[in-house]
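Colleague: The following block contains the structure, expressed as structure tokens.
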Amino acid sequence: MAAPETQGAAAGGEEDCEGNHSEAWGVSYEDSKDCILEPLSLPESPGGTTALEGSPSVPCIFCEEHFPMDEQDKLLKHMIIEHKMVIADVKLVADFQRYILYWRKRFTEQPITDFCSVIRINSTAPLEEQDNYFLLCDVLPEDRLLREELQKQRLKEILEQQQQERNDNSFHGICMFCNEEFFGNRSVLLNHMAREHAFNIGLPDNIVNCNDFLCTLQKKLDNLQCLYCEKTFRDKNTLKDHMRKKQHRRINPKNREYDQFYVINYLELGKSWEEVQLEDDRDLLDHPEDDWSDWEERPDSAVCLFCEKQAETIEKLCVHMEDAHEFDLLRIKSELGLNFYQQVKLVNFIRRQIHQCRCYGCHVKFKSKAELRTHMEEAKHTSLLPARKTWDQPEYYFPTYENDTLLCTLSDSESDLTAQEQNGNITVISEDTSKLHALKRSSILNQLLLQEGLKN
């Protein structure tokens, strides 16, 4: 809560804000006592407004009232109503508790007017109805320096925490999508979710307090809440289908709750990741003379259906699958007469079976993809496709992997039709001329000629 017109005021100065209560702070001190600014609750135990025993708390700058750390707004409200004290840009204070303790000590050493701008409200009213409020903001050099020092200290603590997490090999986590367990470094789980489930929350080295981050995401999923649009669904299957079909396997970038888990948000005082990135973009625009002639675009590579092999063209990939896995995709397409959409369903079916470590030839499930691949190659099950009705289903229209480039390289029906025309194998169905007289009378061409004659 800050008054824009006081930002340039010198510390210790006195300003008059002309007008009534609604023009300055909305209500006077007397009226504020009667306002209900938040939901009320009855006290559960005697003792007034004090923090719970053992919980971290923050004292008021002026009195002995204490408030829990997570009830910062109540402390600010208390200081406004009881002590007429306003702190500007509280969200930019890196460590609120240390900030309050510092000024609590300083205010015992010097008068408050030595540090704060004085704002007089309702200055046109009689003297007894006028009131003064005190604004503490970073216009005061001491306050600005304090905020910067707290920011540096917070950044140091965050970087130390991040380094500890990067070197920690005792991490234990469970994938939120397939319930697979991971041990060792946190990057193993994060890379798995990005690679296998297209759920990318950022590079592991850019994340801090990773356990808290994963717990926050898991709690939202347990509450059947989409991580991107944050809508709530009736059951887990509906939520999974929604996130997959809508491509919502990502977090909401506008949700500020996630800012605390990214190091970039601690780098500069008062700047979020969006503002930092915007500055980087402006730097690029300021140097239009940079030469990009040597830029080489990296082509998208398609991944093999059975292993991690990648190829830039479908031809090279088909050769690899035939040589390494005895799976001839082009021959299967030709023998079964598959159009584009049937090819898509077949690829998605095989992807899903391999992802679930299940052999589609004998339906046996294995512990790992390596064991499955060894079994399928030894038993010659890679080319043993199940009946068409098994994989030619609408559910396989949806890709198993959202970034599956192989689906984009499949030939569509139009290109197949063009090839048939060039080979002269296209079938032509002649017009039925058995009722030629009736055909002439009902021809649309006759109707068009008749209409044209009437116009002339």
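Colleague: Tell me whether segment 29-40 contains one or more residues that are β-branched (V, I, T) and at pLDDT 55 or above.
Modeller: The answer is no, given that none of the residues of segment 29-40 is β-branched (V, I, T) and at pLDDT 55 or above.
Colleague: Name the one entry in E230, E165 that is within 25 Å of K91 (Cα to Cα) and either of a type in the set (A, V, I, L, M) or at pLDDT 90 or above (or both).
Modeller: Values: E165 fails: within 25 Å of K91 (Cα to Cα).
Going through E230, E165 in turn, just one is within 25 Å of K91 (Cα to Cα) and either of a type in the set (A, V, I, L, M) or at pLDDT 90 or above (or both): E230.
Colleague: Going residue by residue through segment 101-110, is there one that turns out to be open to solvent by less than 40 Å² (accessible area, probe 1.4 Å), closer than 20 Å to E65 by Cα and either touching a Lys or Arg at 6+ places or on another chain (Cβ under 8 Å) or modelled with pLDDT of 90 or more (or both)? First the steps, then the outcome.
Modeller: Restricting attention to segment 101-110, the residues satisfying the condition of being open to solvent by less than 40 Å² (accessible area, probe 1.4 Å) are 103, 107.
Still in the list and also closer than 20 Å to E65 by Cα: 103, 107.
Now restrict to residues that are either touching a Lys or Arg at 6+ places or on another chain (Cβ under 8 Å) or modelled with pLDDT of 90 or more (or both): 103, 107.
Yes, because at least one residue in segment 101-110 is open to solvent by less than 40 Å² (accessible area, probe 1.4 Å), closer than 20 Å to E65 by Cα and either touching a Lys or Arg at 6+ places or on another chain (Cβ under 8 Å) or modelled with pLDDT of 90 or more (or both).
Colleague: Let me ask something else. With respect to the numbered conditions (1) part of a helix (DSSP H, G or I); (2) touching a Leu at 6+ places or on another chain (Cβ under 9 Å); (3) of a type in the set (V, I, T), which one is the sole condition not fulfilled by V118?
Modeller: For V118, the failing item is (1).
Colleague: Right, next: Kindly state which helices (runs of 4 or more DSSP H) lie completely within segment 304-370 and contain at least 1 residues that are outside the structural domain of H381 (by the TED database) and not charged (D, E, K, R).
Modeller: In segment 304-370, no matching helices (runs of 4 or more DSSP H) lie anywhere.
Colleague: Go through (1) closer than 19 Å to N211 by Cβ; (2) surrounded by 16 or more Cβ atoms within 10 Å (Cβ to Cβ); (3) touching a Ser or Thr at 6+ places or on another chain (Cβ under 9 Å) for V139 and report which single condition fails.
Modeller: Every condition holds for V139 apart from (1).
Colleague: Now for a separate question. What pairs come up if the first residue lies in segment 71-99 and is more than 20 Å from Q151 (Cα to Cα), the second is open to solvent by 50 Å² or more (accessible area, probe 1.4 Å), and their beta carbons are under 6 Å apart, counting only those six or more places apart or on different chains?
Modeller: H83/F62; V86/M1
Colleague: What is the one condition in (1) among the hydroxyl-bearing types (S, T, Y); (2) open to solvent by 40 Å² or more (accessible area, probe 1.4 Å); (3) in contact with a Phe, Trp or Tyr (Cβ under 6 Å, 6 or more places away or on another chain) that T374 does not satisfy?
Modeller: (3)
The values are calculated or read from the model by the stated rules, or taken from the named source; none is laboratory data. Just so it is clear, the structure is predicted and the values come from calculations on it, not from any experiment. All Cβ positions, even for glycine, are placed from backbone atoms using ideal geometry, and neighbour counts span all protein chains on display. Remember, those area values only see protein heavy atoms, side chains included, never the ligands or the DNA or RNA. Shrake-Rupley method; radii C 1.70, N 1.55, O 1.52, S 1.80 Å.
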